1. What does the highest-first list of 132-140, 589-597 look like by mean Cβ count within 10 Å?
2. Expressed in nm to one decimal, what extension gain is obtained for the pair residue 99 and residue 391 from 0.36 nm per residue of sequence separation less their Cα-Cα distance?
3. At a 10 angstrom cut-off on C-beta neighbours, averaged per residue, how do the peptides 508-519, 406-417 rank from highest to lowest?
4. Report, in whole Å, the centroid distance computed from the Cα atoms of region 176-212 and region 244-314.
5. If you plug each phi of region 265-276 into the Karplus form 6.51 cos²θ - 1.76 cosθ + 1.60 with θ = phi - 60°, what whole-Hz ³J(HN,Hα) values come out, in order, with x for Gly and Pro?
6. Work out from phi, with θ = phi - 60° and the Karplus expression 6.51 cos²θ - 1.76 cosθ + 1.60, the ³J(HN,Hα) of each residue of region 512-519, listed in order in whole Hz, and give x for Gly and Pro.
7. Taking 7 Å along the Cα-to-C-beta vector as the label spot, tell me the residue 503-residue 584 distance in nanometres, rounded to one decimal.
8. Between residue 514 and residue 185, how many nm apart are label points set 7 Å from Cα along the C-beta direction?
Amino acid sequence: RGMLRGKVVYLSVFFSFRIREEGKDSIPEHPYLYETDVEISLVGGSCKNPVEKFWNGSSAMYILQKATHNEESDSVEESRTDDAVYASEVLPKETPGALALSVGRAKQLISLYTMVQNPNVTSLGMSDLAVLPPLWARCDGSDAQHTCWIGAEPLKAGNKVTGLNIYMVSCDGPTADKTRFPNLEELKMEHKIRHHSSVVTTKGFARYELIAAAAVEDTIAESGSNIYVDITWNGVEKILETPPVISAATLNIALESGDPRSPVFQLYRELQFLLVLAEGLKTGVTEWPEPSESESALKLVQEFLTDLKKKLDGDYIFEDKKETEKIKCDTAAVDSCIKSIFGERGDLDFTEQLWCKMKSKCVTSYQELIDCFTLVIKSLERGEIQPWIHQGSSSFLSQLIQQSYHGKMEDVSLSDITPIQMLLEVGLEKMKKDYVSYFIGEPDTGNSLLFQDYFISTSVDLQEQVHRVQKLHHMLEIMVSCTGLLQFRHENLFPLTQICMKYYKENPLNEKHVFQLPIRPALVKKFYQNDNPEVWRVEISSGHGQKEVKTMWQVSTTPPVEHGTSNNSGFLCDSTVNGSSEERLYFITMTQCSQVQFT
């Protein structure tokens, strides 16, 4: 009994020390060593939740796993053996993958945690300890049930702990043999017997992958892009049932830009050239593209200026927009594939056309950039061209053009970063107008204010303007995917656009972010009605409030745990059943809950 008391006090001192040291809003970056064999990490906030696939409770929790030993941690441990405070400061090196505890060791730690939280164990002097976050221990599945996690969650009444929910999570598979799936009525009866309940309710969850980005040939890594729908409903009638029409659905979109198969890939390449210029402006080093065998950018600019001179000699009036023939950019940036979705702007002014010429063949050197701008400036100084530009254009080149209207231009030194900044400004203005023409469309769509006060603002520096254009492109990729792949119409695109805009007004560019849009299941049902789900789950519950207990049964195409189980034969099982390779392989997860009441 003395040894047990020592272990409980040891654990309680450890937890209380960490709480005082870290504070409620601080999450330590490294795990801490408990005794000699257990690592304890406090997970929460932006950290990945390792149990989110089968538990949706508190955001902060303790994760227990087998300690990773190395020479450095061993030497530190030998020199610090006084108490839990010193032991907790040992920081084992990070290792790939998570190491699981034996089921017996995990149960022992859960028991100690339970005693620490029990206010009735007054002999240990634990009554004034703060309510701890839930605790989850990784298990190696060495028992008959293949237990992969054991968790404990305090039940509270104000600041007082009244009991604990104890969770046992088991995992098996993968398997395509549906005879291993239980009957729903059997699950419900098992729950009733375990919890002595006469009435249970059921809630279903299904996740269907709508569009998964396949790996592009000759690329190192697969794209992280995916579009999937999560559906929930009440009143489940059978295992693996298709969700009823009357369900709640959320569309989840995670999309990475740059897929060569995207209809806006050429626009993406145009953005990449803009980013090259922005990086060169910031660092002083520009990674110019390799010269191509086709016509150079300098030659295109020469031909462009010659054509403008001929038009001026023929009394072509640039200022009268109504009489101006629609100018079409003849580069790959707005090819026919993009025009069908992105739309074709017919009002490209002189600076935008110049950008198209210089980026279409990608200016390949700093000297070529200087030569191109030298041709333009000399033509303006001589009055050989009188180009039309958009009202409100603020680039330095636009200012020079406006000065040329009055026959007097300031001297320009095309040295240092000036040529790069001039081209960057022109490209920024052109691309902003491209994106706005798509997102705003009609002037009364409701998107105008968001663009005017953030995405196209010129009150921030050039680097921030480029960053915001990157956000616009990511949003465009999302809209184009939903338009082309899911056949979304305006009434569905508009709320999604608003969600994306709101996120990007408050956050930096993040192509890993999952955008979520509540939808009607009928909108995407045709994409999943004949497909197998990626995840299918049923929750069986009884009781109310803190007396509520749940049993969860789930199948998933991906392992629900990252540390595996001892069921090696299951993980290495063949992917076919009865000679068929069409069956979906599923991992089976069962979460059972029991309660310990302190009052």
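1. Numbers: 132-140: 23.7, 589-597: 17.7.
So the peptides 132-140, 589-597, ranked by packing, come out 132-140, 589-597.
2. On the way: separation 292, 0.36 × 292 = 105.12 nm, distance 6.38 nm.
Between residue 99 and residue 391, full extension yields 98.7 nm more.
3. Values: 508-519: 14.0, 406-417: 10.1.
Highest to lowest by the protection proxy: 508-519, 406-417.
4. If we compute the Cα centre of each part, the gap is 51 Å.
5. In residue order, the calculated couplings are 5, 5, 5, 4, 5, 4, 5, 4, 5, 4, 5, 4 Hz.
6. In residue order, the calculated couplings are 8, 5, 9, 7, 10, 10, x, 9 Hz.
7. 2.4
8. Calculated label separation equals 3.5 nm.
Each value in this text was obtained by applying a stated rule to the coordinates, not by laboratory testing. Owing to the predicted nature of the structure, the values given are computational and were not obtained by experimental measurement. Don't worry about glycine lacking a Cβ; one is built from the backbone with ideal geometry, like all the others, and counts go over all protein chains shown.
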